[in-house]
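Asker: Before we start, here is the structure in question, set down as structure tokens.
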Ligand code: ADP
């Protein structure tokens, strides 16, 4: 039966495109009711919005309307108050009228009023008298306008403020104009404040003409009855009135209304009916507020004032930007946002589910793949692997079957794992398993004995590790047949032992160095050669014992040996500091891909010594030969010279010639004796010279201070003769041939005492210590030597003076040179001719 997981079903069911389409459809279906709900909410909020606007608009209109009405009534009251002035006072003078106007502060309290006037009624019979009276009041041009004969006249006689525009109305008969007359008559007959219809006031100039209206309040003669129309008509004497320029009036009324409301509102005032002819006021509107010519809301309200019917028309031009601030817009916007959010959420949820299923499906297939991989790895492993719980095997690989000879896995799985261990080892292995399970310190790898199904016992390596799975401790066992390895190891051990004994038995110092010169193996001979223990040697580097080369040179030498090998000589420093000469035979070898130098060292100190001695003997032999040659030369020339002289003298004596008289015979014999003595000195010096051997026999510690003291005694007479002052500085003990050193200093001191031409001879003897030798000097203030003769004087028989100048044999300095040579030193002179000479010589500190 083929079982599939829901995740697999999911992935198999549909193609990705179809699935996406399906999910989108689901999301839109989910979105639809929500969208509908938003639309309904927006619609309702819009309606409520409109209603609210309507209400606000109506309230504003009514507020304005009642404001206008209240102001008109206030004007009426003011006029009534003015009229009352005539009821209480017998006639009102112009001055009183003016004072009343000023005191009332009408312009401030009722802004927009054009003035406060009084028009008097004049019957036809009193016309002239009236004109004269007024003229006499100081207005000579006064007359009643318009001219013409009429039964009854009226004239504006007071009008405050009596300035500018208002002066033009002075003397005007308002009864002549029908609209004004109608209002005047209504006021008279009904005893009310009456408004005229639309008029152009006399005060208007040609500029900025405004529509006007007037309000009249009747003034009745004081004390007359005014109960009926008839009585009122009889009692009337004039009118108190106010002219209004409509714009000024309305600005005065609306001036303190909320400006923002008015900005979007246009107000028109009609007298009686709505027509252009009856339009008495039109408010200005900010054109930028007007989106188009059509108002968003309109309302007309009637305004009744004592039989006068005004109609106020309101139009609102609302600001389009207000739409975005409206509740409907906010609801629409929020609703849309919520819908989008819900849509995304829904899609995400669907996707999350889908992704979860895909991941689950992938994990399942990964798991299967891993499982098969694991099985493949296990079965391809060369090592036998088994897992067991509580001592029973739960899984194993093919190598495990092969190792023990099982035919199939069932033969192991479910059985105790200990069965594969040889009986003799089972207790030990049980103990080992116990320790590993309980974390007690035990080796990871254990060598034991395994048993095959055919009973064959073999060497087995077991390694155990534990791990937890599903809360159960599992033991992973890796088993390996190590029979072959053990055999190979045994072979290696035996080979290694053989190699070690060969190495140790060798008389040459064998050592193996890595490519850095570090010692990795060494035999006893080499340890002995250098005086170290084996342990000490294994910590050393070739630079620690080689005394010939610097570290860098040694590294180069190692490289050279690794690449091409070589035989060479060097010097090694032993642990005790002594130096030995060695001959190294080295070759490069490669072990485990690493370069090493296999070196065999042979101590050749003895051989070297013999070689050096041989060289020295050869050298001495050569010198002896040279000396012999010189001796022959001396014998033939220098020795012959005094001999010839002696022969000649003897010839003279023997021939018995006249010259050989008895008196000069004695002289000849003295001369011959002197010559013989000179020859004897020469032969003695020659003998001394030839005696100086080159071997170093008779070397011992010599105290030079004592030597000088002794010589000062020997040369006492000569020192006294030349009044010499000898300064002796601190002088060392040296290792030398005492007799020869005596001879050396004797010759130098003798010369210093000889070669001078003054009475005060000064000789200085001193020594400075150098690295490997002592440097002595004998300094005098004698005649000095020219530079060209500095070397010559050390040759045998070389003299710079004749016998008569300074007596000598010419052997002294040659002798000195030979003595210094014997001590492996050097001798030389430094001098300033005529001032003195300093003879230097060195004597080595150690002699071998
Ligand atoms: P000798 O003194 O017997 O002549 P030397 O070998 O001692 O022979 O000296 C060689 C020559 O070196 C001398 O003849 C002398 O001319 C010169 N000489 C040696 N010592 C001195 C000195 N201290 N001052 C000047 N000249 C010297």
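So that you can scan it fast, the table gives a plain yes or no per residue for (1) closer than 28 Å to residue 501 by Cβ; (2) touching a helix residue (DSSP H, G or I) at 6+ places or on another chain (Cβ under 6 Å); (3) assigned to a helix (DSSP H, G or I):
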| residue | (1), (2), (3) |
| --- | --- |
| 536 | yes, no, yes |
| 539 | yes, no, no |
| 549 | no, no, no |
| 553 | no, no, yes |
| 596 | yes, no, no |
| 602 | yes, no, no |
| 612 | no, no, yes |
| 617 | no, no, yes |
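Asker: Restricting attention to the stretch 574-612, report how many residues are in contact (Cβ under 8 Å) with a residue 40 or more places away in the chain, within 57 Å of the chain's Cα centre (by Cα) and farther than 15 Å from residue 510 by Cα.
Answerer: The total comes to 5.
Asker: Right, next: What number goes with the only condition from (1) within 12 Å of the ligand (Cβ to nearest atom); (2) within 17 Å of residue 783 (Cβ to Cβ) that residue 759 does not pass?
Answerer: Looking at each condition in turn, residue 759 falls short on (1).
A quick yes/no check of all residues on (1) assigned to a helix (DSSP H, G or I); (2) modelled with pLDDT of 85 or more; (3) at positive phi:
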{"residue": "248", "(1), (2), (3)": "yes, no, no"}
{"residue": "253", "(1), (2), (3)": "yes, no, no"}
{"residue": "256", "(1), (2), (3)": "no, no, no"}
{"residue": "262", "(1), (2), (3)": "yes, no, no"}
{"residue": "269", "(1), (2), (3)": "no, yes, no"}
{"residue": "273", "(1), (2), (3)": "no, no, no"}
{"residue": "285", "(1), (2), (3)": "no, no, no"}
{"residue": "292", "(1), (2), (3)": "no, no, no"}
{"residue": "295", "(1), (2), (3)": "no, no, no"}
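Asker: Which ones in the stretch 715-739 are assigned to a helix (DSSP H, G or I), farther than 21 Å from residue 804 by Cβ and either out of contact with any helix residue (DSSP H, G or I) (no Cβ under 9 Å at 6 or more places or on another chain) or within 16 Å of the ligand (Cβ to nearest atom) (or both)?
Answerer: Listed by number, the residues that qualify are 716, 717, 719, 720, 739.
Asker: So, one more: When you scan the stretch 740-750, do you find a residue that is more than 12 Å from the ligand (Cβ to nearest atom) and surrounded by fewer than 16 Cβ atoms within 10 Å (Cβ to Cβ), even just one?
Answerer: No, the stretch 740-750 contains no residue that is more than 12 Å from the ligand (Cβ to nearest atom) and surrounded by fewer than 16 Cβ atoms within 10 Å (Cβ to Cβ).
Yes or no, residue by residue, for (1) on the phi < 0 side of the Ramachandran plot; (2) under 60 Å from the mean Cα position of the chain (by Cα):
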position: 387; (1), (2): yes, yes
position: 392; (1), (2): yes, yes
position: 395; (1), (2): yes, yes
position: 399; (1), (2): yes, yes
position: 404; (1), (2): yes, no
position: 408; (1), (2): yes, no
position: 414; (1), (2): no, no
position: 420; (1), (2): yes, no
position: 424; (1), (2): yes, no
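Asker: Still on this model: Going residue by residue through the stretch 522-530, is there one that turns out to be buried (at least 16 other Cβ atoms within 10 Å of the Cβ), closer than 30 Å to residue 416 by Cβ and under 57 Å from the mean Cα position of the chain (by Cα)?
Answerer: Scanning the stretch 522-530 turns up no residue that is buried (at least 16 other Cβ atoms within 10 Å of the Cβ), closer than 30 Å to residue 416 by Cβ and under 57 Å from the mean Cα position of the chain (by Cα).
Asker: Considering only residues that are over 50 Å from the mean Cα position of the chain (by Cα) and under 19 Å from residue 506 (Cβ atoms), which ones fall in the stretch 531-565?
Answerer: Scanning the stretch 531-565 gives 531, 532, 533, 534, 565.
Asker: Restricted to the stretch 829-845, and to residues that are out of contact with any helix residue (DSSP H, G or I) (no Cβ under 6 Å at 6 or more places or on another chain) and buried (at least 22 other Cβ atoms within 10 Å of the Cβ), which residue is nearest to residue 735 (Cα to Cα)?
Answerer: Checking each candidate, the answer is 843.
Asker: Need a quick list: helices (runs of 4 or more DSSP H) entirely within the stretch 46-139 having at least 2 residues that are touching a strand residue (DSSP E or B) at 6+ places or on another chain (Cβ under 6 Å) and under 23 Å from residue 161 (Cα atoms).
Answerer: Helices (runs of 4 or more DSSP H) meeting the threshold: 94-104.
Asker: In this structure, does residue 180 turn out to be surrounded by fewer than 19 Cβ atoms within 10 Å (Cβ to Cβ), at negative phi and either touching a helix residue (DSSP H, G or I) at 6+ places or on another chain (Cβ under 6 Å) or at pLDDT 90 or above (or both)?
Answerer: Considered against the rule, which asks whether it is surrounded by fewer than 19 Cβ atoms within 10 Å (Cβ to Cβ), at negative phi and either touching a helix residue (DSSP H, G or I) at 6+ places or on another chain (Cβ under 6 Å) or at pLDDT 90 or above (or both), residue 180 comes out as no.
Asker: Which one is nearest to residue 813 (Cα to Cα), of the residues in the stretch 751-766 that are in contact with a helix residue (DSSP H, G or I) (Cβ under 9 Å, 6 or more places away or on another chain) and surrounded by 19 or more Cβ atoms within 10 Å (Cβ to Cβ)?
Answerer: The qualifying residue nearest to residue 813 (Cα to Cα) is 751.
The values are calculated or read from the model by the stated rules, or taken from the named source; none is laboratory data. Keep in mind that what you see is a predicted model, and the values were worked out from it rather than measured. We place every Cβ from the backbone using ideal geometry, glycine too, and count neighbours over all the protein chains shown.
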